[in-house]
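The values are calculated or read from the model by the stated rules, or taken from the named source; none is laboratory data. Everything numeric here is computed off the predicted structure, so don't read it as measured data. Backbone-built Cβ (ideal geometry, glycine too); neighbour counts: all protein chains shown.
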Amino acid sequence: MTAIPGPKSQELLARKQSAVPPGIGTALPVFVTRAGGGVVQDADGNSLIDFGSGIAVTNVGNAAPKVVERVQKQVADFTHTCFMVTPYESYVRVCEKLNELTPGDHEKRSFLVSSGAEAVENAVKIARHATGRPAVVVFDHGYHGRTLLTMTLTAKNMPYKEGFGPFAPEVHRVPLAYPYRWPSGPENCADEAVEQAIDVITKQIGAHNVAAVVIEPIAGEGGFIVPARGFLPRIAEFCRANGIVFVADEVQTGFARTGTMFACEDEGVVPDIITTAKGIAGGLPLAGITGRAEIMDKVHAGGLGGTYGGNPLACEAALGVLETIEAEDLVARARRIGEIMLPRLEALKERFEVIGDVRGRGAMIAIELVEPGTKEPNPAAVAEIVKRCHAEGLLVLTAGTYGNVLRFLPPLVIPEHLLEEGLGILEKAIAEL
Ligand code: PLZ
């Protein structure tokens, strides 16, 4: 309807700029009035195709009917009691579902907090408590949040860490099996990366000092890096052999996003603790920590919690999300989205040398852009393509340690004609560039 952003959004952006600090960025400054069915509508009457899902949150679609219905009923019944003061059933139900749906048939416990970072913080607290060990091992390109501990766990300095130190102690970083950029080639990637990671753990830290290894089964903010096959299971195996708690951070990859309920399932990896958030509650703030009963039960009564953790509105939303995933078989939908997108993007890679790599699983797909004929990261091309896509009404997000990745996270309920239309806009933007 208008240029992007239109006049009303521009007016609101000016208000934002005087009321909100610049530290809070905006990927696409259109102010939203409505969203659903794979479309985001703005204050100027524009409709944008949604390839972002609010960063992998609205997997079931925005304002999904089952979520709306449950939250509306709950908001009229009671809004908050604090689960640690007087509990309610929905919290317990969400935990039962998490225990049932996450990988592994061992006995599990779950509890709820309000953000992904809080979930990861708690996983580390529990692993330290259960093992009595101090060290935490994380990976190159990892992202785990913006709190003191989780920004320390996060790899990338700018914008997440710059000027925010000193950082938390006892955090150690090891290589991630990044096939596209592995110096000796993708075929050696898994073996060498495992070897290097274990070398750092055993020679620099001492395996007996490590409480937890924390890893995203597909690195999200780091650029949708799918670790070379074999890497995850072998790291998990090393953890098991050395009494280290293996924590899978599935905050971005969880809830059907990658074509399985959780990304770990792809290689049959069973984490000791799994952290979830984002897709769990369709946009209401909720996150979960699920782990082996014998680890989770070690923490003394009252040692875990928070005022809002497992808020009743968010729990109802989560139950609505889980019903929707099941009823609409969104696990299969995610796979189908991958089957549509990957070949289209592979074909673009054949045509345009600026595309160095196409990767991802299910509805978590990315392309990495390079200087043609090299592997030199090309963030300028990403910025230009994003600008063109936004102007043409396609909401796309960026990622990557080198800022050179375009990532696609459509809601799993997106109609196929919108997916095709979005891909068409992308293709045109790359061709014009
Ligand atoms: N772990 C794997 O992807 C959040 C960050 C957006 P919170 N990713 C989106 C931004 O720039 O702040 C994330 C993640 C993984 C943890 C987190 C943190 O989750 O809910 O943002 O705290």
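Odds and ends about this structure:
- Single residue of the range 232-241 satisfying the filter (without any contact (Cβ under 8 Å) to a residue 40 or more places away in the chain and more than 16 Å from the ligand (Cβ to nearest atom)) that is surrounded by the fewest Cβ atoms within 10 Å (Cβ to Cβ): 241
The rows are residues; the columns are (1) β-branched (Val, Ile, Thr); (2) surrounded by 24 or more Cβ atoms within 10 Å (Cβ to Cβ); (3) farther than 20 Å from residue 333 by Cα; (4) more than 12 Å from the ligand (Cβ to nearest atom).
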site: 244; (1), (2), (3), (4): yes, yes, yes, yes
site: 252; (1), (2), (3), (4): no, yes, no, no
site: 257; (1), (2), (3), (4): no, yes, no, no
site: 266; (1), (2), (3), (4): no, no, no, yes
site: 273; (1), (2), (3), (4): yes, yes, yes, yes
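- Only one of the numbered conditions (1) polar (S, T, N, Q); (2) farther than 24 Å from residue 399 by Cβ; (3) in contact (Cβ under 8 Å) with a residue 24 or more places away in the chain is violated by residue 18, and that is (3).
- Members of the range 55-95 that are in a loop (DSSP other than H, G, I, E, B), touching a residue at least 60 places away in the same chain (Cβ under 8 Å), out of contact with any Leu (no Cβ under 8 Å at 6 or more places or on another chain) and among the β-branched types (Val, Ile, Thr): 57, 58, 81
Each row is one residue, and each column tells you yes or no for (1) more than 27 Å from residue 414 (Cα to Cα); (2) in the same structural domain as residue 251 (by TED's automatic domain parsing).
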position: 45; (1), (2): no, no
position: 50; (1), (2): no, no
position: 73; (1), (2): no, yes
position: 86; (1), (2): yes, yes
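- Of all residues in the range 204-231, those satisfying the criterion of being more than 16 Å from the ligand (Cβ to nearest atom), part of a loop (DSSP other than H, G, I, E, B) and within 24 Å of residue 188 (Cα to Cα) are 228, 229, 230.
- Residue match in the range 52-65 (condition: farther than 29 Å from residue 397 by Cβ and surrounded by 20 or more Cβ atoms within 10 Å (Cβ to Cβ)): no
- Residue within the range 325-338 that is among the small types (Gly, Ala, Ser), within 16 Å of the ligand (Cβ to nearest atom) and surrounded by 24 or more Cβ atoms within 10 Å (Cβ to Cβ) present: no
- Flag for residue 46 being crowded, with 21+ Cβ neighbours inside 10 Å, in contact (Cβ under 8 Å) with a residue 24 or more places away in the chain and either aromatic (Phe, Trp, Tyr) or out of contact with any helix residue (DSSP H, G or I) (no Cβ under 7 Å at 6 or more places or on another chain) (or both): no
- Flag for residue 305 being outside the structural domain of residue 412 (by TED's automatic domain parsing), under 18 Å from the mean Cα position of the chain (by Cα) and away from the ligand (no atom under 13 Å from the Cβ): no
Residue-by-condition table, conditions (1) assigned by TED's automatic domain parsing to the domain that holds residue 159; (2) over 24 Å from residue 154 (Cβ atoms); (3) surrounded by fewer than 24 Cβ atoms within 10 Å (Cβ to Cβ):
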{"position": "371", "(1), (2), (3)": "no, yes, yes"}
{"position": "379", "(1), (2), (3)": "no, no, yes"}
{"position": "390", "(1), (2), (3)": "no, yes, yes"}
{"position": "398", "(1), (2), (3)": "no, no, yes"}
{"position": "410", "(1), (2), (3)": "no, yes, no"}
{"position": "416", "(1), (2), (3)": "no, yes, yes"}
{"position": "425", "(1), (2), (3)": "no, yes, yes"}
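- Residue 431 meets each of the listed conditions (1) outside any helix (DSSP H, G or I); (2) over 20 Å from residue 32 (Cα atoms) apart from (1).
- Test: residue in the range 288-296 that is within 13 Å of the ligand (Cβ to nearest atom) and on the phi < 0 side of the Ramachandran plot: yes
- Meets criteria (touching a residue at least 40 places away in the same chain (Cβ under 8 Å), out of contact with any strand residue (DSSP E or B) (no Cβ under 8 Å at 6 or more places or on another chain) and more than 20 Å from residue 229 (Cβ to Cβ)) for residue 388: yes
- In the range 263-292, the residues that are in the same structural domain as residue 236 (by TED's automatic domain parsing) reach residues that are acidic (Asp, Glu) and in a helix (DSSP H, G or I) with C-beta atoms within less than 8 angstrom, at least six apart or across chains, in these pairs: 287/118.
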